[in-house]
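Each remark here refers to the structure printed beneath this line.
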Amino acid sequence: MKKLSFLKSTFSFALLIFMSISITSCSSGSYNDDASSGTAFNPVNFSLTITKKEVAATVGLMITYDLKNISKDAYNDYTQGSFSVKFTVKGTDGETFQDIVSMDYIDAGITFCGLTFLDYSEVKTLDLSTLTAVIIKNK
């Protein structure tokens, strides 16, 4: 029985040490919205072009777009701030529909080709001339 008690206390001690090291290493890094190089991203660091828009009866408005990182730094949503692309379109009756797509990682100078489906009520008719896409900084 003494052997079991010794193993139990040794295991508890080892677990305590492991957890202490884990917590210390997690809290020692600094995390903020700026890159470690000090570069903060803004919507102007990207170019956005809608390349195709098509109403698909069963899936909504299919939007194909190109999103290019026009800066000299790679974009990473964990270190340079979090951004999304907000698509907005109006129906012929004035009702507005929206879809927001998050951006994850894009190397400097690289174009990401994306596809999204903007859902809307099947009984509505969209005015595709009102389709807009903007890059927004998430809070």
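The values are calculated or read from the model by the stated rules, or taken from the named source; none is laboratory data. Just so we're clear, the structure is a prediction, and the values are computed from it rather than from any experiment. Heads up, the Cβs are rebuilt from the backbone with ideal geometry, glycines too, and the neighbour counts pull from every protein chain shown. Protein only, heavy atoms only, side chains kept; ligands, DNA and RNA dropped before computing areas. Shrake-Rupley method; radii C 1.70, N 1.55, O 1.52, S 1.80 Å.
Across the range 104-119, the residues whose backbone nitrogen lies under 17 Å from the label position 7 Å along the beta-carbon direction of V55 are 117-119.
Using the 1.4 Å probe convention, the accessible area of the range 36-139 works out to 57 Å² per residue with neighbouring protein chains retained.
Per-residue Karplus couplings for the range 104-113, computed as 6.51 cos²θ - 1.76 cosθ + 1.60 with θ equal to phi - 60°, are listed in order as 9, 8, 9, 5, 4, x, 9, 9, 9, 9 Hz, Gly and Pro entered as x.
First check a/c for the range 33-139, with a ≥ b ≥ c the square roots of the eigenvalues of its C-alpha gyration tensor; if it is under 1.5, answer rounded, and if not, answer prolate when a/b is larger than b/c or oblate otherwise. The shape class here is prolate. The alpha carbon centroids of the range 39-60 and the range 83-99 are separated by 12 Å.
Evaluating 6.51 cos²θ - 1.76 cosθ + 1.60 at θ = phi - 60° for every residue in the range 122-139, the Karplus couplings come out as 4, 7, 8, 10, 8, 9, 5, 5, 8, 5, 10, 9, 10, 8, 10, 8, 6, 8 Hz, glycine and proline recorded as x.
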